[in-house]
Amino acid sequence: MKKHFNILPGFALALLIALSARWIESLLPIPLIGDSVIALFIGMAINQIKKPNKLIQTGLKFTSKKVLKFSIILLGASLSIGTILNVGRLSLTVMIFTLLTCFGGGYFIGNWLNLNWKLSNMISAGTGICGGSAIAAIAPVINAEDKDIAYAMSATFLFDMAMIVLFPIAGKAMGLSDMAYGLWTGTAVNDTSSVVAAGYAFSEAAGDFATMVKLTRTLSIIPTVLIFSLINVKVNIKAESETGIITEPIKIKLTSLFPWFILAFAGMSVVNSIGLIPLNISVGMKSISKFLMVSALAAIGLNTDFQEMKASGINPMIHGFIISALVAVVALAVEYFIGLIPS
């Protein structure tokens, strides 16, 4: 019982910051920045002023790990596997190439910039899948440090801000149709709020299609997290083998490759797909999920020392810029070759 009481102060602080972030977001005339990023930055600012004591840190650790996983499970209740069929073959074709660009190109760029593989791939996932949600889903299975999570979130946020302004201008300059622009925005812009802002800035039809494409991108969290779970196991095994401590053959447990919370996330998506979750409950669970995710990111911010992030240098930002630019170009190129953009 005492353990549960020890969690409350840190958890309550994270909830309070999440509420504040929601309120600040509601004051913005247009959705330029999501509440999750606001909460992260508020937490980091508080950390700079006064670092949390041990009692607060207990609840923050619980929120950034356990609550984060629970929020991802609830998110599954708002997604439908059938969404893939609704957006059609064209969006899937573009997404395959953009995801290959993010993780394939990200691997080489990360090595070139001497980034650790966890930070590099979280930036790639945030760019290729769905911003903060993808980073939040991948972080627990690769045991990412809070400072790397915060840096990856910051990188994707900065480029989202640029895309919100530049994409509508570029789309109109190129004379893109609503579908072509919506597909481009839905596959190349990172966070959901940024996709909505950039999509509807062009037209209502473009915004609708961009949002639908974005939902399909979100579903790729499932295979991506499973793949990184396997990679993390192999990396850990290699590290342990190199120390010479292990004296018997290493056995990989099949269950360790499939994080329970991602399996639960997939299960919730399937249950929702077959119509077992009423719409009003699904909407409510999504709202709770998003709020808990904002709370978890507030906790991550409170645990993040800006000086440690600063020590990582400019290279992660360079990584994010190159990947974001490549994805935008590749998405347009694929649309051109499949005939959505006239020559």
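Name the residues in segment 217-240 that are assigned to a helix (DSSP H, G or I), of a type in the set (G, A, S) and under 26 Å from F97 (Cβ atoms), would you?
S229
Any idea which of G105, G128, G182 is under 16 Å from F321 (Cβ atoms), over 13 Å from the mean Cα position of the chain (by Cα) and assigned to a helix (DSSP H, G or I)?
G105
Residue check, M122 against (1) more than 23 Å from F202 (Cβ to Cβ); (2) touching a Lys or Arg at 6+ places or on another chain (Cβ under 8 Å); (3) not β-branched (V, I, T), all met but one. Which one?
Condition not satisfied by M122: (2).
Going through segment 84-98 one residue at a time, which ones are modelled with pLDDT under 70 and buried (at least 19 other Cβ atoms within 10 Å of the Cβ)?
Correct list: V87 only.
Scanning for something within 18 Å of N303 (Cα to Cα) and basic (K, R), does segment 154-172 turn up at least one residue?
The answer is no; no qualifying residue exists.
Being hydroxyl-bearing (S, T, Y) and touching a Cys at 6+ places or on another chain (Cβ under 9 Å) is the filter; apply it to segment 204-229 and report the residue that is surrounded by the fewest Cβ atoms within 10 Å (Cβ to Cβ).
If we take residues in segment 204-229 being hydroxyl-bearing (S, T, Y) and touching a Cys at 6+ places or on another chain (Cβ under 9 Å), then S220 is surrounded by the fewest Cβ atoms within 10 Å (Cβ to Cβ).
Here is a yes/no grid of residues against (1) closer than 30 Å to P342 by Cβ; (2) surrounded by fewer than 23 Cβ atoms within 10 Å (Cβ to Cβ):
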position: G104; (1), (2): yes, yes
position: N111; (1), (2): no, yes
position: A136; (1), (2): no, no
position: L158; (1), (2): no, yes
position: F167; (1), (2): yes, no
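Do the conditions hold for S154, that is, is it surrounded by 24 or more Cβ atoms within 10 Å (Cβ to Cβ), hydroxyl-bearing (S, T, Y), out of contact with any Leu (no Cβ under 7 Å at 6 or more places or on another chain) and part of a helix (DSSP H, G or I)?
Against the criterion (surrounded by 24 or more Cβ atoms within 10 Å (Cβ to Cβ), hydroxyl-bearing (S, T, Y), out of contact with any Leu (no Cβ under 7 Å at 6 or more places or on another chain) and part of a helix (DSSP H, G or I)), S154 does not qualify.
Could you look through segment 174-203, keep only residues that are small (G, A, S) and without any contact (Cβ under 8 Å) to a residue 60 or more places away in the chain, and pick out the one that is surrounded by the fewest Cβ atoms within 10 Å (Cβ to Cβ)?
Filtering segment 174-203 for residues that are small (G, A, S) and without any contact (Cβ under 8 Å) to a residue 60 or more places away in the chain, the one surrounded by the fewest Cβ atoms within 10 Å (Cβ to Cβ) comes out as G175.
Looking for whichever is over 19 Å from the mean Cα position of the chain (by Cα), surrounded by fewer than 19 Cβ atoms within 10 Å (Cβ to Cβ), modelled with pLDDT of 85 or more and of a type in the set (A, V, I, L, M) here; the options are I30, I46, I56. Which one fits?
None of the others qualify; the one that does is I46.
The values are calculated or read from the model by the stated rules, or taken from the named source; none is laboratory data. Just so we're clear, the structure is a prediction, and the values are computed from it rather than from any experiment. Note that each Cβ is placed from the backbone with ideal geometry, even for glycine, and that neighbours are counted across all protein chains shown.
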